[in-house]
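Undergrad: The following block contains the structure, expressed as structure tokens.
The values are calculated or read from the model by the stated rules, or taken from the named source; none is laboratory data. Bear in mind that the values here come from a model prediction, so they are computed numbers and not experimental data. Here the Cβ is made from the backbone with ideal geometry for all residues, glycine too, and neighbour counts use every protein chain on show.
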Amino acid sequence: MSIETINPWSAAVDYRYSMMGDAAIEARLAAGEQAFPSWSALPLATRAGYLIAIAHGLREARDRLAGLMTAEMGKLRREALAEIEKCAGACEYYAHHAEDYLRDQTIATEARRSIVTFQPIGCVLAVMPWNFPVWQVFRFLAPSLMSGNVAVLKHATNVPRCADAIEQIVRAAGLPEGVFAVLHIDNAQTARVIADTRIKAVTLTGSERAGRAIAATSGQHLKKCVLELGGSDPFVVLADADLDAALPVAISSRFGNAGQTCIAAKRFIVVDAVADAFVERFVAAAKQLQVGDPTLDASTLAPMARADLRDEVHAQVQRSIAAGAKLLVGGETMALSTAYPATILDRVAPGQAAYHEELFGPAAAVIRVRDAVDALRVANDTSFGLGASVWTRDHANGEKFARGIGAGAVFVNALVRSDVRLPFGGTKASGYGRELAEHGIHEFMNIKTIYVA
């Protein structure tokens, strides 16, 4: 099957490629199985050296890789460069910290010696999305490689050259054949790969629909999986919030990456006492954002990755308006099929699409609430539970509020983001399992008890 990738800005077909056949898939799985024993037996210091070399390769290829990201999914060039640097940093972080994370743990029991040891399990299949086409890969790949696992990547179909570029960088760093490979495969082929006995676990970042499918297939074959799915993160502004600090983060979180971010702020839950002031400034800042050529540094809002994604967000906005939401800015389609303006809906309420659904594009939902108690109730009135932020000058109260939110991560007076030093993942419909930090490197390992009487 031949696939065309369309440049979101120029609307031109930039690239054509074909899905892999059974022979190519078999060759890559066989290479991974062959590479695992020797790769997992390497000293940690040796694997760390390879990770440092990958970080160097990412920085050397930054301009070419950023160009591919911009061409394939429309990311602003400056955002692409920052993403690449974050990936290089993650490689270096695990190169320096994996030894501490993987050291045997001695547990005091009545035994002569009882320890917990961490052992790699084999080949991990990663099913990754297009919105952060490099970071999403390295978020799993850096800890997986350092733990001694090998990996195969099934990337989103609209970012094939990003996938191939990552594979080239890894190979150029000198990693043995089979330690990492890309599979250009469709959903049916992915299901067959999951069923293959050489695949020991699966990690997915994607939609709730994809999560259900991957979890069902993995469960059928008793394979562990980690799922990082969608989110509808609350951005809670309490009565004592510092609006000067909150507003720039509100704009960055909601409209960065054209709003196509799982952990973006999507529901702006604002206490009545400051709602008018917040909304006035939020709208004024959003009006300054203009969709532009993502290769130009002057552009302030990227196009969306595909026309169908733009149409879906627009439909959600229109349905919300029809149900009573108030449009303050944006909300109109543009000549370019992937362009959508910075959009803000006010007076969003239960029963409206913007209240219940994830807005995966540059559209914000403002929900006004009476007080902090009401704000917490609304923040938790969602099927999602990925991230959240709360804004208040009272740090102790902010931490208490954060403990009450049902999410995998809550940031007080700060941008919600994935940080290699901290575990990342969600709850409820946002998935399960954790990536990054010590918790992430342990997800795909045999956590083995050894008891010596």
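Undergrad: When you go through Thr197, Thr190 one by one, which is the residue that is assigned to a loop (DSSP other than H, G, I, E, B) and either outside the structural domain of Ala349 (by TED's automatic domain parsing) or under 20 Å from the mean Cα position of the chain (by Cα) (or both)? Don't jump to the end; show me each part of the working.
TA: Values: Thr190 fails: assigned to a loop (DSSP other than H, G, I, E, B).
One residue alone meets the criteria, Thr197.
Undergrad: Moving on. Do you know which of the residues in segment 300-319 that are part of a loop (DSSP other than H, G, I, E, B) and small (Gly, Ala, Ser) is surrounded by the fewest Cβ atoms within 10 Å (Cβ to Cβ)?
TA: Ala305
Undergrad: Still on this structure, I have one more. Met128 passes all but one of (1) out of contact with any Pro (no Cβ under 9 Å at 6 or more places or on another chain); (2) surrounded by fewer than 23 Cβ atoms within 10 Å (Cβ to Cβ); which number fails?
TA: The failed condition is (2).
Undergrad: Scan segment 371-393 for residues that are closer than 24 Å to Pro248 by Cα and surrounded by fewer than 15 Cβ atoms within 10 Å (Cβ to Cβ) and jot them down.
TA: Of everything in segment 371-393, those that are closer than 24 Å to Pro248 by Cα and surrounded by fewer than 15 Cβ atoms within 10 Å (Cβ to Cβ) turn out to be Asp371, Arg393.
Undergrad: Here are Ala11, Ala66, Ala23: which of them is among the aliphatic types (A, V, I, L, M), without any contact (Cβ under 8 Å) to a residue 24 or more places away in the chain and surrounded by fewer than 18 Cβ atoms within 10 Å (Cβ to Cβ)?
TA: Answer to the selection: Ala23.
Undergrad: Shifting gears a bit: Which number in (1) at negative phi; (2) out of contact with any His (no Cβ under 7 Å at 6 or more places or on another chain) marks the one condition that Gly148 misses?
TA: (1)
Undergrad: Six or more apart or on different chains, Cβ under 6 Å: which pairs go from a residue in segment 282-297 that's surrounded by fewer than 17 Cβ atoms within 10 Å (Cβ to Cβ) to one that's among the small types (Gly, Ala, Ser)? Could you list them?
TA: Asp293/Ser299
Undergrad: Continuing with this model, one more query. Just wondering, is there one or more residues in segment 37-48 that are part of a strand (DSSP E or B) and either among the aromatic types (Phe, Trp, Tyr) or within 28 Å of Ala90 (Cα to Cα) (or both)?
TA: no
Undergrad: Would you mind stating whether Ala163 is under 27 Å from Ala213 (Cα atoms) and out of contact with any helix residue (DSSP H, G or I) (no Cβ under 7 Å at 6 or more places or on another chain)? Show your work before the answer.
TA: On the way: under 27 Å from Ala213 (Cα atoms): yes; out of contact with any helix residue (DSSP H, G or I) (no Cβ under 7 Å at 6 or more places or on another chain): yes.
Yes, satisfied.
Undergrad: If Thr203 meets every condition in (1) surrounded by fewer than 22 Cβ atoms within 10 Å (Cβ to Cβ); (2) outside any helix (DSSP H, G or I); (3) not assigned by TED's automatic domain parsing to the domain that holds Thr382 apart from one, which number is that one?
TA: If we test Thr203 against (1) surrounded by fewer than 22 Cβ atoms within 10 Å (Cβ to Cβ); (2) outside any helix (DSSP H, G or I); (3) not assigned by TED's automatic domain parsing to the domain that holds Thr382, just (1) comes out false.
Undergrad: Need the failing condition index for Gln136 against (1) closer than 24 Å to Arg198 by Cβ; (2) touching a helix residue (DSSP H, G or I) at 6+ places or on another chain (Cβ under 8 Å); (3) crowded, with 24+ Cβ neighbours inside 10 Å, just the number.
TA: Gln136 satisfies every listed condition except (2).
Undergrad: Of all residues in segment 267-285, which are in contact with a helix residue (DSSP H, G or I) (Cβ under 7 Å, 6 or more places away or on another chain) and among the small types (Gly, Ala, Ser)?
TA: Ala277, Ala285
Undergrad: Also: May I ask you to verify whether Ala88 is assigned to a helix (DSSP H, G or I), among the aliphatic types (A, V, I, L, M), without any contact (Cβ under 8 Å) to a residue 60 or more places away in the chain and within 30 Å of Ile6 (Cα to Cα)?
TA: yes
Undergrad: Would you mind stating whether Val313 is β-branched (Val, Ile, Thr), farther than 21 Å from Trp130 by Cα and touching a residue at least 40 places away in the same chain (Cβ under 8 Å)?
TA: Values: β-branched (Val, Ile, Thr): yes; farther than 21 Å from Trp130 by Cα: no; touching a residue at least 40 places away in the same chain (Cβ under 8 Å): yes.
Answer is no for this residue.
Undergrad: Moving to a separate point now. For segment 320-341, what are the residues that are closer than 15 Å to Ala354 by Cα, of a type in the set (Gly, Ala, Ser) and buried (at least 17 other Cβ atoms within 10 Å of the Cβ)?
TA: Ser320, Ala325, Gly330, Gly331 - these are the residues of segment 320-341 that are closer than 15 Å to Ala354 by Cα, of a type in the set (Gly, Ala, Ser) and buried (at least 17 other Cβ atoms within 10 Å of the Cβ).
Undergrad: Can you tell me which residue in segment 173-191 is surrounded by the most Cβ atoms within 10 Å (Cβ to Cβ), limited to those that are more than 28 Å from Tyr50 (Cβ to Cβ) and free of Cβ contacts under 8 Å to residues at least 60 places away in the same chain?
TA: Ala191
Undergrad: Quick check on segment 214-267: of everything there that is small (Gly, Ala, Ser) and free of Cβ contacts under 8 Å to residues at least 12 places away in the same chain, which residue is nearest to Val378 (Cα to Cα)?
TA: Checked segment 214-267; the qualifying residue nearest to Val378 (Cα to Cα) is Ala216.
Undergrad: Okay, moving on. Quick check: anything in segment 63-83 in a helix (DSSP H, G or I), closer than 11 Å to Met146 by Cα and not small (Gly, Ala, Ser)?
TA: No; the residues of segment 63-83 include none that is in a helix (DSSP H, G or I), closer than 11 Å to Met146 by Cα and not small (Gly, Ala, Ser).
Undergrad: Buried (at least 22 other Cβ atoms within 10 Å of the Cβ) and either within 25 Å of Ala372 (Cα to Cα) or within 14 Å of the chain's Cα centre (by Cα) (or both): does that describe Phe444?
TA: Taking the combined requirement at face value, the residue does not satisfy it.
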